[in-house]
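K.L.:
Structure below; questions to follow.
The values are calculated or read from the model by the stated rules, or taken from the named source; none is laboratory data. In this text, all values refer to a predicted model and were calculated from it rather than measured experimentally. Quick reminder, even Gly has a Cβ in these numbers, built from the backbone with ideal geometry, and neighbours come from all protein chains shown.
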Amino acid sequence: PEKYLFKHKGVYFVSDMATPDSLDALEDFEIRDSDVFLVTYPKSGTVWTQHILSLIYYEGHRNGTEETDLLDRMPWLEYNVRNVDWSKRESPRLIASHLPYYLVPKGLRNGKGKVIYVLRNPKDALVSCYHFSKFSHGMEELEFEVLMERFLAGKVGAGLWLDHVEGWFAHRDDFNILFLTYEEMKKDLRSSVLKICSFLGKKLTEEEADEVVDKATFDKMRNDRRANYEHLESDLVDHTKGHFLRKGVVGDWKNIMTVAQNERFNHVFQKRMEKLPFKL
Ligand code: A3P
């Protein structure tokens with residue numbers, strides 16, 4: 001995977017999106033108490049939750065009067081997708097990241113700011129990643145089986161799913177952190193939105209909460225160019241070949257993985273997954 005990925009401090013990153021120096025510099029990134037981080041393993045509902053947070057915080061996004069792209073409302077910390085001068089941004093800053101807990105700014109690790117961590121059934125994240133590889137220039141296009149072996153070995157962007165989730169969970173006491181699952185968001189989006197608001201101390205009226213929920217549904221997001229990432233530069237993705245808002249369901253892995261592949265996946269993942277307290 002060398003052409004597409006580089007390894008830094010035990011975890012893989014997409015080439016050209018970050019450098020060892022830019023990653024090291026994040027250690028001293030200054031955290032404000034009001035910062036809101038969204039952390040995910042890739043393909044676990046990042047864009048969805050970014051959009052929800054943006055809807056919660058930006059009235060102009062909720063009522064459609066403001067055109068700013070989601071990538072500018074809630075930029076990436078470690079990925080050089082937009083040029084952001086973080087020191088000049090107004091509080092509260094919304095910040096997205098796929099970093100493992102040990103590479104985030106030390107202020108965050110010391111309990112400043114807030115973190116929302118969203119995780120998803122790793123089989124669905126893998127399948128979503130497989131489809132993503134067909135339109136992302138940052139990913140090598142591989143047979144599903146080959147990609148799955150890389151995924152099980154952690155040789156993919158953000159490393160091994162188990163390490164990512166376990167790491168964040170084991171260190172939960174160092175952070176102000178809320179864990180959410182893609183599956184609970186699918187099951188009851190309104191409750192998830194209210195959970196997020198309550199964690200952030202953000203009061204929305206009933207109508208405002210309804211608006212957030214309505215605009216964060218899969219169909220609405222897919223057709224909302226402020227939310228669907230279709231603005232992402234064409235040197236990063238080819239939107240004639242696929243979309244971030246692809247299918248948006250739970251359990252799509254069953255449509256791709258063979259019985260043997262599922263057994264192989266379980267063999268590698270099951271024991272460690274059983275120790276996690278999440279219902280996926
Ligand atoms: P699928 O490929 O399974 O459809 P990320 O944003 O972390 O890259 O994750 C992308 C996945 O989140 C995609 O999964 C995408 O469809 C799904 N997703 C994005 N918005 C969603 C929404 N509003 N409801 C359900 N799923 C959503």
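K.L.:
Please find, within the stretch 123-164, the residue that is modelled with the lowest pLDDT out of those that are of a type in the set (A, V, I, L, M, F, W, C), more than 11 Å from the ligand (Cβ to nearest atom) and out of contact with any Lys or Arg (no Cβ under 9 Å at 6 or more places or on another chain).
P.N.:
The qualifying residue modelled with the lowest pLDDT is Met139.
K.L.:
To continue, here is another question. Could you figure out which of (1) within 16 Å of the ligand (Cβ to nearest atom); (2) in a loop (DSSP other than H, G, I, E, B); (3) not aliphatic (A, V, I, L, M) isn't true of Thr49?
P.N.:
Of (1) within 16 Å of the ligand (Cβ to nearest atom); (2) in a loop (DSSP other than H, G, I, E, B); (3) not aliphatic (A, V, I, L, M), only one is false for Thr49: (2).
K.L.:
In addition: Between Lys114, Lys106, which is touching an Asp or Glu at 6+ places or on another chain (Cβ under 6 Å) and touching a residue at least 24 places away in the same chain (Cβ under 8 Å)? I'd like the intermediate steps shown before the answer.
P.N.:
Numbers: Lys114 fails: touching an Asp or Glu at 6+ places or on another chain (Cβ under 6 Å).
Being touching an Asp or Glu at 6+ places or on another chain (Cβ under 6 Å) and touching a residue at least 24 places away in the same chain (Cβ under 8 Å) holds for just one of Lys114, Lys106, which is Lys106.
K.L.:
Please verify whether Thr181 is crowded, with 17+ Cβ neighbours inside 10 Å and of a type in the set (Val, Ile, Thr), treating the condition exactly as stated. Steps first, answer last, please.
P.N.:
Working: crowded, with 17+ Cβ neighbours inside 10 Å: yes; of a type in the set (Val, Ile, Thr): yes.
When the stated conditions are applied, Thr181 passes them.
K.L.:
Would you point out which residue out of Phe244, Phe265 is at pLDDT 95 or above, of a type in the set (A, V, I, L, M, F, W, C), closer than 16 Å to Val127 by Cβ and crowded, with 17+ Cβ neighbours inside 10 Å?
P.N.:
Just one listed residue meets the conditions, Phe265.
K.L.:
Let me ask something else. Quick check, is Glu66 assigned to a loop (DSSP other than H, G, I, E, B) and at pLDDT 95 or above? Reasoning before the result, please.
P.N.:
On the way: assigned to a loop (DSSP other than H, G, I, E, B): yes; at pLDDT 95 or above: no.
Taking the combined requirement at face value, the residue does not satisfy it.
Conditions (1) at positive phi; (2) of a type outside the set (A, V, I, L, M, F, W, C); (3) modelled with pLDDT under 95, marked per residue:
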site: Cys197; (1), (2), (3): no, no, no
site: Leu200; (1), (2), (3): no, no, no
site: Thr205; (1), (2), (3): no, yes, no
site: Asp214; (1), (2), (3): no, yes, no
site: Asp219; (1), (2), (3): no, yes, no
site: Asn228; (1), (2), (3): no, yes, yes
site: His231; (1), (2), (3): no, yes, yes
site: Leu236; (1), (2), (3): no, no, yes
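K.L.:
Exactly one of these conditions fails for Asn262: (1) within 16 Å of the ligand (Cβ to nearest atom); (2) more than 30 Å from Leu194 (Cβ to Cβ); (3) touching a residue at least 60 places away in the same chain (Cβ under 8 Å). Give me its number.
P.N.:
In the conditions (1) within 16 Å of the ligand (Cβ to nearest atom); (2) more than 30 Å from Leu194 (Cβ to Cβ); (3) touching a residue at least 60 places away in the same chain (Cβ under 8 Å), Asn262 misses (1) alone.
K.L.:
Would you check which residues across the stretch 104-124 are buried (at least 21 other Cβ atoms within 10 Å of the Cβ) and part of a helix (DSSP H, G or I) and list them?
P.N.:
Correct list: Leu108, Pro122, Lys123, Asp124.
K.L.:
Show me the helices (runs of 4 or more DSSP H) entirely contained within the stretch 170-280 in which 3 or more residues are under 23 Å from Glu67 (Cβ atoms). It would help to see each step written out before you state the result.
P.N.:
Working: elements: 182-187, 189-200, 206-215, 218-222, 259-274.
Filter on the stretch 170-280 gives 206-215, 218-222.
K.L.:
So the check is Cβ under 6 Å with 6+ separation or different chains; which pairs have a first residue in the stretch 75-91 that's within 21 Å of Leu103 (Cα to Cα) and a second one that's surrounded by 13 or more Cβ atoms within 10 Å (Cβ to Cβ) and β-branched (Val, Ile, Thr)?
P.N.:
Here the result reads Pro75/Val84; Leu77/Ile95, each pair linking the stretch 75-91 to a residue that is surrounded by 13 or more Cβ atoms within 10 Å (Cβ to Cβ) and β-branched (Val, Ile, Thr).
K.L.:
Of the conditions (1) under 25 Å from Glu166 (Cα atoms); (2) within 16 Å of the ligand (Cβ to nearest atom), Asp69 satisfies every one except a single condition; which number is it?
P.N.:
(1)
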